[in-house]
Amino acid sequence: MRLAGKLAVITAAASGMGRAGVELFLREGAKVAAVDINAGALADLAGLMKQQGHTIETVQADLSRTEDARRSINEAAAKLGGIDVLWAHAGIPGPASVEGLDLVEYDRAITLNVTSAVLGAGEVIGHMRKRGGGSLIFTASVSGLVGSMFSPIYSAAKFAVVGLTKSLALRFAADNVRVNVVCPGLADTPMKSGFTGRSGDPAEAAANQARLLTNVPMGRLCKAEEVAHAALWLASDDASFVTGVALPIDGGFTAR
Ligand SMILES: NC(=O)c1ccc[n+]([C@@H]2O[C@H](COP(=O)([O-])OP(=O)(O)OC[C@H]3O[C@@H](n4cnc5c(N)ncnc54)[C@H](O)[C@@H]3O)[C@@H](O)[C@H]2O)c1
């Protein structure tokens, strides 16, 4: 088991890739705290994991709120008895473009994608120092590596997360804390429609998805489990000399 004895926190953990991470990290021997805004979905996840013989800690938090972003890390640390791994996975697509920008929507996107990552890192580093090191994993996107015509604000935010990753990798190396970021391509989770179907028109969403997939050499969507496996590797001691890396999980989308 690759995470035996590790204390791991995953945010945005009640759905999609975060949820796949909870299941995988548990199977690999970690003690897991799942953080999410959706208390009902967290309770359902905890119930399902119990049926599979696992106990998880849950922390309800709106990570777009400064107090919640900070509290969630400290509450998770208290429940787990420390933190070795944080997969700070929260993010949202945000506004479609810059014309007629809704500043409230813009602020919400920057806050959840960037500020919550910054605040999570700021809180968790002390806990990791106490454990003698750790692995901090962020979630950006292929849109944090190349531009996105569908989501320019999101792309700007995810480029910031990649910059944060590389900078904190330098800053925390002496603490034996590795900092990396997973960069998924368009993934088959509930969030997908936030990128392809903002208008709510299913035909337009299908056309946008088909258009995006023509640029994916492997020709398909990313699966949640594939991103969870990348996070598992970065969390584990198998990646003990890997830091400052932005890892695409994208079927070759950014290889061109
Ligand atoms: N789905 C994609 O196509 C895709 C591609 C690349 C990157 N990403 C990134 O992956 C991450 C999540 O994507 P997913 O596909 O797993 O999403 P998802 O829609 O399956 O799950 C998102 C989770 O985040 C939670 N959440 C939303 N707002 C929150 C808040 N304010 N505080 C705490 N939790 C909150 C939701 O309750 C939900 O459980 C984001 O950072 C996103 O930018 C997604």
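The alpha-carbon of residue 31 sits under 26 angstrom from the alpha-carbons of these lysines, leaving out residues fewer than 8 places away in its chain: 6, 50, 79, 130, 223. Shown for segment 137-256: the carbon plus sulfur share of the solvent-accessible area, taken with all protein chains present and a 1.4 angstrom probe, equals 60%.
With each label modelled as a point 7 angstrom along the Cα→C-beta vector, the residue 99-residue 240 pair spans 5.5 nm.
Considering only 219, 13, 76, the residue lying farthest towards the positive end of the dipole of the chain is 76, judged by Cα position with unit charges set on Cβ. By the rule of a C-alpha distance below 16 Å, with chain neighbours fewer than 8 residues away ignored, the aspartates and glutamates paired with residue 192 are 201, 204, 225, 226, 250. Solvent-accessible surface of the chain, taken per residue with a 1.4 Å probe and all protein chains present: 44 Å².
Taking the Cα centre of the chain as reference, the dipole from Cβ charges on Lys and Arg (+1) and Asp and Glu (-1) amounts to some 600 debye. Kirkwood hydrodynamic radius of the chain, from the reciprocal of the average inverse Cα-Cα distance over all distinct pairs: 18.2 Å. Using a probe radius of 1.4 angstrom, the carbon and sulfur fraction of the accessible surface of segment 1-122 is 51%. Note on the chain: dipole from Cβ charges, positive end direction compared against 155, 59, 86; the farthest Cα belongs to 86. Compared with the dominant Cα axis of the chain, that is its longest principal axis, helix 39-51 is turned about 60°. Listed values for segment 138-152 are Karplus-derived 3J(HN,Hα) couplings in whole Hz (6.51 cos²θ - 1.76 cosθ + 1.60, θ = phi - 60°), namely 9, 10, 9, 4, 4, 6, x, 10, 9, x, 10, 6, 7, 8, x, and x replaces Gly and Pro. Taking a ≥ b ≥ c as the square roots of the Cα gyration tensor eigenvalues, with a/c under 1.5 meaning rounded and otherwise prolate when a/b beats b/c, else oblate, which class fits segment 148-191? Since a/c reaches 1.5 but b/c is at least a/b, the shape of segment 148-191 is classed as oblate.
The values are calculated or read from the model by the stated rules, or taken from the named source; none is laboratory data. What you see is a predicted model, and the numbers here were worked out from it, not measured in a lab. Every residue, glycine among them, receives a Cβ derived from its backbone with ideal geometry; neighbour counts consider all protein chains shown. Heads up: the accessible areas ignore ligands, DNA and RNA and are worked out on the full protein's heavy atoms, side chains in. Shrake-Rupley method; radii C 1.70, N 1.55, O 1.52, S 1.80 Å.
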